[in-house]
1. Of the numbered conditions (1) farther than 26 Å from Lys133 by Cβ; (2) within 12 Å of the ligand (Cβ to nearest atom), Ser85 fails exactly one; give the number of that condition.
2. Could you please tell me which pairs satisfy a Cβ distance under 6 Å, a separation of 6+ or placement on different chains, a first residue in region 86-106 that is at negative phi and touching a residue at least 40 places away in the same chain (Cβ under 8 Å), and a second residue that is in a loop (DSSP other than H, G, I, E, B) and more than 9 Å from the ligand (Cβ to nearest atom)?
3. Looking at this structure, is Asp272 in contact with a helix residue (DSSP H, G or I) (Cβ under 9 Å, 6 or more places away or on another chain), buried (at least 16 other Cβ atoms within 10 Å of the Cβ), within 22 Å of Thr142 (Cα to Cα) and at pLDDT 95 or above?
4. Considering only region 29-81, how many residues are away from the ligand (no atom under 15 Å from the Cβ) and either buried (at least 17 other Cβ atoms within 10 Å of the Cβ) or among the aliphatic types (A, V, I, L, M) (or both)?
5. Can you go through Asp315, Asp336 and tell me which one is within 16 Å of the ligand (Cβ to nearest atom), among the acidic types (Asp, Glu) and either under 22 Å from Ile371 (Cβ atoms) or touching a Gly at 6+ places or on another chain (Cβ under 6 Å) (or both)?
6. Here are some residues: Gly163, Gly138, Gly118. Which one is modelled with pLDDT under 95, more than 15 Å from the ligand (Cβ to nearest atom) and over 22 Å from Lys212 (Cβ atoms)?
7. Tell me which of these Glu258 doesn't satisfy, since it passes every other one: (1) within 25 Å of Ala109 (Cβ to Cβ); (2) in contact (Cβ under 8 Å) with a residue 12 or more places away in the chain.
8. Within region 1-86, considering only helices (runs of 4 or more DSSP H) that don't extend past its boundaries, which have at least 3 residues that are farther than 27 Å from Asp308 by Cα?
Amino acid sequence: MKIVIIGAGPAGVSAAETLRAHDRESEVIMLTAEPYPPYSPPAMVDHFLTGSDAHLWRDPDWAEQAGVDYRKGVEVTAIQPDTHSLQLKDGSGLEYDRLVLATGGGLYAPLEGADLAGVFNFKSLSAAETLIKKVKSGSASTAIVVGAGFIGMEIALLLRELGAAVTQVEMLDQVMAAMLDADTAAVALDILRERGVDVRLNTKAAAFVGEKQAKGIQLESGERLEADVLIAATGIKPNLKPLEGSGIAHDWGITVDEHLRTSVSDIYAAGDAVETTDRLTGETFVHAIFPNAVEQGRVAGLNLAGIDTRYEGADRMNSLKHLGLPIMAAGLKSGDEVLRTRQGGHIRTIYLEDNRIVGFQLVGDVTAAGILRSLMNQGENILPYKDRLLNPNFGQGMLVWDAIAAYA
Ligand SMILES: Cc1cc2nc3c(=O)[nH]c(=O)nc-3n(C[C@H](O)[C@H](O)[C@H](O)COP(=O)(O)OP(=O)(O)OC[C@H]3O[C@@H](n4cnc5c(N)ncnc54)[C@H](O)[C@@H]3O)c2cc1C
């Protein structure tokens, strides 16, 4: 059997490794449009800060060891399910018996001028390298980041660390609105400002402006801001380009069943390109985080190996590593009851629905994250030990059941 995986991100790598653990016979070919070995996007900031290879999360000889025919710099331009073949950018073709779509996500910038030269993003190592080279070489010393979501915050902090003067505009009234509640976001904002980022909330960018090259941004208020580099951090969208004309069903992301099979039965999909169900709410959505990509790759790999496996649903989760103060958020940020404690810089907020944890936000001390997440995912009724959930020692170093026994 010839299995082709499009994409060498966490989803593609996880699919290949899982498949190989159960199937040494099939030929496995992995294609990536980028010129690199597999890398971890979350570790790109560390890589650029320290110059280390922190982002290379697999050994240099990973593909050889795993028995994967790794082909970098190869872009798939079309998929033809009827003939089981792919078209590649260099004009050649490639046939497959089974296919995995792990094409990840790209920049989503619904903003005039976003495609002008000089508008950078941090969505891939290729994109980030061009930007960071400009700053490190000294040819750019001022930057504007549009958007203060998770990736926007990471870029703003990185550029400040590298010595650039950074202005960040955010149309909403808080940072990381998709993930953080207002209290937690206020802590993150304070730190961002302490680090010297000029964050402007309630400030909407209408367009990137410039002739052939973007020179600045036009705000909805009419004001114009200029900088040496402009970064769009306005969101991500599933990378569906190679699917065009293939008939593979998609909505915002690729549509899959509970085995992560697409509308074409011999094609699976995993990672940021895919819409799956939310483990908690059952809603269909794309929640683009590393652990979801790895787990979806694992499930696709198992099913490809003939081991019937259902995907349990995606987690809503995020953590901020580069603020200097750990912040961790999971699940929803509302509920019929809110438990909250604040001691100095430490905040613990837990959202409940019918005495079940549906979300939590931790600032400072994040050691309870593991147990809170387990309780949330298991849908445990926490009534017997509700009054202990805010205890700083709750669950420290314990397994879920030990903790429940101790506090119940
Ligand atoms: C700066 C940054 C920081 C992040 N930090 C965190 C974090 O702290 N925690 C967390 O959980 N998540 C984080 N994420 C998100 C996480 O990196 C993604 O969820 C994860 O990488 C998704 O994996 P994936 O395999 O689906 O896609 P990707 O990692 O995006 O990989 C997609 C692959 O597809 C290939 N590809 C795409 N189109 C084609 C084509 N047509 N032909 C051939 N190859 C193609 C690409 O070359 C690439 O190899 C971060 C992301 C970024 C950008």
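1. Condition (2) is where Ser85 drops out.
2. Sorted first by the residue in region 86-106, then by its partner, the pairs are Glu95/His84; Tyr96/His84; Asp97/Met1; Arg98/Asp266.
3. On the way: in contact with a helix residue (DSSP H, G or I) (Cβ under 9 Å, 6 or more places away or on another chain): yes; buried (at least 16 other Cβ atoms within 10 Å of the Cβ): yes; within 22 Å of Thr142 (Cα to Cα): no; at pLDDT 95 or above: yes.
No; evaluated as a whole, the condition is false for this residue.
4. Looking only at region 29-81, we keep the residues that are away from the ligand (no atom under 15 Å from the Cβ), and these are 50-53, 59-61, 64-67, 81.
Now drop any that are not either buried (at least 17 other Cβ atoms within 10 Å of the Cβ) or among the aliphatic types (A, V, I, L, M) (or both), which leaves 66, 81.
The total comes to 2.
5. Details: Asp336 fails: within 16 Å of the ligand (Cβ to nearest atom).
Criteria check complete, one pass: Asp315.
6. Numbers: Gly163 fails: modelled with pLDDT under 95; Gly118 fails: over 22 Å from Lys212 (Cβ atoms).
Testing whether each residue is modelled with pLDDT under 95, more than 15 Å from the ligand (Cβ to nearest atom) and over 22 Å from Lys212 (Cβ atoms) leaves just Gly138.
7. (1)
8. Working: elements: 10-22, 44-50, 62-66.
In region 1-86, the matching helices (runs of 4 or more DSSP H) lie at 44-50.
The values are calculated or read from the model by the stated rules, or taken from the named source; none is laboratory data. It should be emphasised that the depicted structure is a prediction, and the values quoted were computed from it without experimental measurement. Cβ: placed from backbone, ideal geometry, glycine included. Neighbour counts: every protein chain shown.
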